[in-house]
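Report on the following structure.
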Amino acid sequence: MRTQQGTPILRSAYQPLAYGVESVELDFVLDPTATQVTSRLRCVRHPDAAAGPIVLYGEALERVSLTVDGMAPAPGQLRDTASGLEIDVVGDVVNLEIVTRIDPAANTTLSGLYQSRGGFFTQCEAEGFRRITYFPDRPDVMARFTVRLEADKATCPVLLSNGNLLETGELPGGRHFARWEDPFPKPSYLFALVAADLQALERRVTTMSGREVLLQVWVEARDLDRVEHAMNSLVHSMRWDEEVFGLELDLDRFMIVAVSDFNMGAMENKGLNIFNTKYVLANPETGTDLDFENVESVVAHEYFHNWTGNRVTCRDWFQLTLKEGLTVFRDQQFTADMMARAAESPAAAASARAVTRIANVRVLRNGQFPEDAGPMAHPIRPDSYQEINNFYTATVYQKGAEVIRMIHTLLGREGFRNGMDLYFSYHDGQAVTCDDFVQCMAEANGADLDQFMRWYAQAGTPRVKASGEYDAATGSYTLTLSQHTPATPGQPDKLPLHIPVMLGLIGPDGRDLPLRLEGETRVGETGRLLHLRSDSQRWRFIGLGAEPVPSVLRGFSAPVILELDESDERLAFRMAHDSDPFNRWDAAQRYMERVILDLAAASADGRTMDVPQAFGHAFRALLIDESLDPAFVAEALSLPSEPYLLERMAPADPEPLRAALIHLMRELGQAMQADFLSRYLDLEVDGDYRYHPSDAGRRALRNLCLRYLMAWGGATAVELAVRQFEFAGNMTDRYGALAALVQSDSPRRAEALAAFHDRYRDDALVLDKWFALQAGAWRWSDAAPQTLDQVRTLMDHPAFSLGNPNKVYALLGGYFRANPGEFHRADGLGYAFWADQVVILDRANPQVASRMARALEGWRKFTPAIQDGIRAALERVAGSAGLSPDVSEVVGKALKG
Ligand code: B3K
Ligand code: ZN
């Protein structure tokens with residue numbers, strides 16, 4: 001059952017249920033097409049809730065039987081509702097026994113219990129448990145679970161569920177069973193079971209209190225040579241959480257299971273994390289540096305949920321950022337610490353931290369800023385939704401993490417830790433709200449976070465405008481900061497936020513100046529945290545002998561768009577001198593953005609595109625500076641992403657933008673071919689592959705040089721790329737070479753693609769890279785094949801399947817989301833193809849369809865001609881029969897604007 005289409009669920013309507021569940025015994029007789037689930041619930045009346053029936057949610061279930069305290073329900077006692085069942089009862093404690101039958105093989109939604117490659121897997125967040133059995137499937141109902149599962153032993157030799165294993169045994173007919181018990185009460189969304197043919201890499205480790213625990217990473221036998229890194233990541237995560245937050249693993253056993261068919265990255269089920277294979281498997285031959293990094297951070301993220309999410313969970317789904325924003329922040333801090341720890345020197349450690357921060361901000365700007373500017377814009381704690389699965393968003397996750405980071409910045413490391421300690425001391429074992437969290441942070445620090453709470457309530461990316469005035473006569477510099485958050489759907493008016501702005505002032509020699517505000521007796525540090533709370537505020541710095549250059553929002557201290565009117569010269573100066581590596585990178589990105597948007601305007605008007613010389617100089621200075629960390633240089637010289645640039649373009653026009661990007665890379669590649677070449681040759685990493693930030697940084701810059709060389713297009717570039725492709729000792733280099741060759745129009749392009757395919761034809765995850773690369777390819781010359789034709793052809797490839805989310809994300813996502821220059825082709829054929837695919841996908845898997853549908857939500861930023869084409873496609877999808885609430889919410893909001 002679904003909610004009525006178009007009827008939103010409101011945060012303000014929260015009510016506890018009249019009956020919760022104290023304990024539940026589940027018994028699964030697993031069968032591909034007819035799995036029988038017996039559920040025994042001990043329901044208990046909620047002491048504070050209004051009187052009412054027992055409310056059970058259920059979806060796609062066949063009800064076999066139901067008893068209330070051992071008896072068949074009296075006539076009228078049991079009611080079927082739109083979302084499940086209601087049972088009228090009188091006692092404070094009521095025992096229900098419910099038998100249902102489900103069809104895992106037919107479950108293409110990958111929510112609830114489903115099959116993948118012959119095994120059984122579950123995914124219950126947010127509302128998948130109701131697709132397994134009738135239950136008060138809400139996060140504020142926390143119950144103790146015991147689970148018995150039985151299955152065919154030959155096809156499913158491994159039987160897993162949450163918590164501790166109590167018993168296993170053989171059954172007649174080639175079947176076997178296992179019983180599991182989870183000692184911690186949990187909401188149903190954290191339930192999991194796995195029955196499949198898997199093998200485990202195991203490790204025993206001792207926790208901070210001296211308990212020995214068993215860690216297992218379960219994968220198919222053929223993948224056992226790719227799990228070492230995930231296991232190491234798990235051990236590192238455990239240690240980090242002990243050291244940084246004093247949080248210890250609370251179970252005797254912790255399991256990770258990899259599955260090939262999975263809607264998202266991974267899931268933090270208590271003691272039994274289930275992962276998309278993409279975020280578990282990595283070895284040098286098949287995984288890039290980025291894959292290694294992703295595995296480490298996703299393993300950490302899910303592990304950290306054990307405390308932030310599982311021990312303390314969400315009262316309702318509107319509070320999702322309570323666990324997600326906080327856990328993303330924790331995994332970001334973990335990654336930064338891991339990178340810094342591996343570095344060879346303090347300077348390298350600082351740079352490694354900055355590179356991690358840059359990567360976080362790129363993700364925010366590319367994914368969250370467009371979301372916040374479109375029809376799906378919502379606060380990190382939304383006020384309403386039609387389908388909760390649509391709200392696992394960049395806003396809830398990434399902006400949510402930025403909000404937690406600001407609290408960390410405001411309170412300091414120790415203050416934040418004290419707040420966390422208080423949070424667990426008050427709320428362990430509870431389902432709580434974002435207010436409860438912020439209240440603990442405030443109470444532990446005697447801080448006032450009332451105004452800060454607006455970050456939870458207001459959607460839209462705030463603009464912070466900075467302007468400065470130097471008065472030579474008094475040696476003072478007045479900085480004015482003002483803020484403005486644009487209107488978003490349903491929120492026309494915004495209030496001023498509490499915005500922490502980290503500031504530095506740079507002297508003419510490029511060094512930071514010690515700061516002294518008017519009224520202060522002493523000169524302070526070179527960095528200052530300013531608290532912007534009103535629409536506009538001023539700060540007057542004194543004792544300055546010359547006009548400083550402001551460096552505002554260092555470290556990206558708040559998730560805002562900084563409007564700073566800087567000349568090209570100032571940008572070049574900060575690119576060369578800003579002591580804050582984040583802002584140094586940002587100066588390079590801003591300068592590049594300015595140049596690209598100018599080129600795009602020229603291209604749109606049919607004028608010649610000229611790359612300013614001064615920009616070339618500033619770019620080259622970074623390229624040839626061997627004292628800089630290569631990872632940092634690679635970030636600084638990478639182009640801003642197209643989704644981000646399209647947000648900055650008014651109106652957005654993907655074709656001239658793409659022309660500008662191609663032109664810029666060509667010009668730079670040609671003008672600096674000798675520099676690119678010499679850096680390319682110098683940066684080669686000797687020895688065996690290791691996943692290490694300094695090696696990864698060298699590979700990243702080297703591959704970037706190769707792409708610039710290829711953009712220029714000389715025969716040498718092709719030769720270098722072919723050689724790198726053929727002799728690569730790891731996937732980062734092989735894939736890097738292939739990505740460069742895909743830019744070329746030489747016959748080597750097709751040869752390399754074919755060779756890559758043949759080498760990895762049986763490797764699903766590597767083939768995903770091959771699909772994505774072709775779907776996302778730019779057309780560097782008119783001779784290059786049309787991307788849409790390529791995508792259509794690749795859909796017929798035997799390894800492609802619309803039923804496998806990774807394949808859809810790689811091929812269709814690679815085209816719809818990662819290739820705006822091709823997708824928005826003038827004839828509108830891209831949109832027609834999009835509409836066809838969204839409708840087809842929606843019949844099988846609404847969550848995946850909805851993600852693809854979201855590719856066009858930002859359509860109103862485009863030129864009128866483009867808008868016409870997109871509107872027609874949106875209307876076609878909106879008008880198709882039997883649309884899921886997921887896709888209907890997305891296209892409905894897109895059309896409504
Ligand atoms: N909590 C899960 C996401 C569940 C998504 C449901 N549609 C993964 C995570 O954030 O850790
Ligand atoms: Zn999470």
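Each value in this text was obtained by applying a stated rule to the coordinates, not by laboratory testing. Keep in mind it's a predicted model, so treat the numbers as computed, not measured. Positions of Cβ are generated from backbone atoms using ideal geometry, with glycine treated the same way; all protein chains shown enter the neighbour counts.
Worth pointing out:
- Label point distance in nm, SER345-ARG511, each placed 7 Å from Cα along Cα→Cβ: 1.9
- For region 167-240, trypsin sites (Lys or Arg not before Pro) meeting the loop criterion (DSSP other than H, G, I, E, B) and having at most 16 other Cβ atoms within 10 Å: ARG211.
- Against the main long axis of the alpha-carbon atoms of the chain, helix 731-741 sits at an angle near 60°.
- Straightening the chain between ARG792 and HIS757 buys 10.9 nm, computed as 0.36 nm per residue apart minus the Cα-Cα spacing.
- Distance between region 646-664 and region 742-773 - C-alpha centres, whole angstrom: 27
- In this simple spin-label model, placing a label point 7 Å from the Cα along the Cα-to-Cβ direction at both HIS484 and PHE727 gives a separation of 5.7 nm.
- Long-range tail of P(r) for region 364-509 (Cα pairs > 24 Å, %): 44
- With R₀ fixed at 56 Å, the C-beta to C-beta distance from ARG748 to ARG42 puts the FRET efficiency at about 0.25.
- The simple Förster model, with R0 at 30 Å and r as the Cβ-Cβ distance, assigns ARG690 and GLN670 a FRET efficiency of 0.30.
- Relative to its Kirkwood radius, the Cα radius of gyration of the chain gives an Rg/Rh of 0.96.
- Applying 0.36 nm per residue to the separation of ALA472 and ARG101 and subtracting their alpha-carbon distance, the gain on full extension is 125.5 nm.
- Over the chain, DSSP H runs of length four or greater, each weighted -39,500 (n - 2.57), average out per residue to a 222 nm ellipticity of -12500 deg cm²/dmol.
- Region 301-370-region 798-877 distance, computed between alpha-carbon centres (Å): 30
- Of all DSSP beta bridges in the chain, antiparallel share, percent nearest 5: 80
- Label-to-label distance, nm, for residues given as LEU171 and ASN232 (7 Å Cα→Cβ offset): 4.1
- 5 angstrom amide H check on ARG463, placed H, neighbours 5+ away: HIS484, THR485, ILE561
- Region 378-497, relative contact order in percent, only Cα pairs under 8 angstrom and at least six apart counted: 23
- Greater than 19 Å apart at Cα, pairs in LYS278/LYS769; LYS186/LYS399; LYS323/LYS399; LYS465/LYS896; LYS153/LYS278: LYS186/LYS399; LYS465/LYS896; LYS153/LYS278
- For the chain: relative contact order, % (alpha-carbon pairs under 8 angstrom, 6 or more apart): 9
- Remark: the ARG239-LEU529 segment gains 101.3 nm on full extension, using 0.36 nm per residue and subtracting the alpha carbon distance.
- Relative contact order for region 731-841: 22 percent, from Cα pairs under 8 Å spaced at least 6 residues apart, divided by residue count.
- Interchain or long-range residues, amide H under 5 Å from ALA192's placed H: ASN162
- Backbone phi angles across region 447-454, fed through the Karplus curve with coefficients 6.51, -1.76 and 1.60 (θ = phi - 60°), yield HN-Hα couplings of 9, 9, 10, 4, 5, 4, 4, 4 Hz in residue order; Gly and Pro are listed as x.
- Residues ASP868 and SER627, FRET efficiency given R0 of 51 Å [Cβ-Cβ distance, rounded to 0.05]: 0.45
- Pairwise centroid distance, computed over Cα atoms, of region 549-617 with region 217-233, Å: 43
- In sequence order, calculated HN-Hα J values of region 121-132 (Karplus, 6.51, -1.76, 1.60; Hz; x Gly/Pro): 9, 10, 9, 10, 7, 8, 10, x, 5, 5, 8, 10
- DSSP-loop trypsin sites (Lys or Arg not before Pro) across region 101-174, with at most 14 other Cβ within 10 angstrom: ARG117
- Karplus-derived 3J(HN,Hα), 6.51/-1.76/1.60, for each residue of region 686-697, Hz, glycine and proline x: 8, x, 5, 4, 9, 7, 8, x, 6, 5, 4, x
- Amide H within-cut-off set for PHE120, under 5 Å, with H built and near neighbours excluded: ALA195, ALA196
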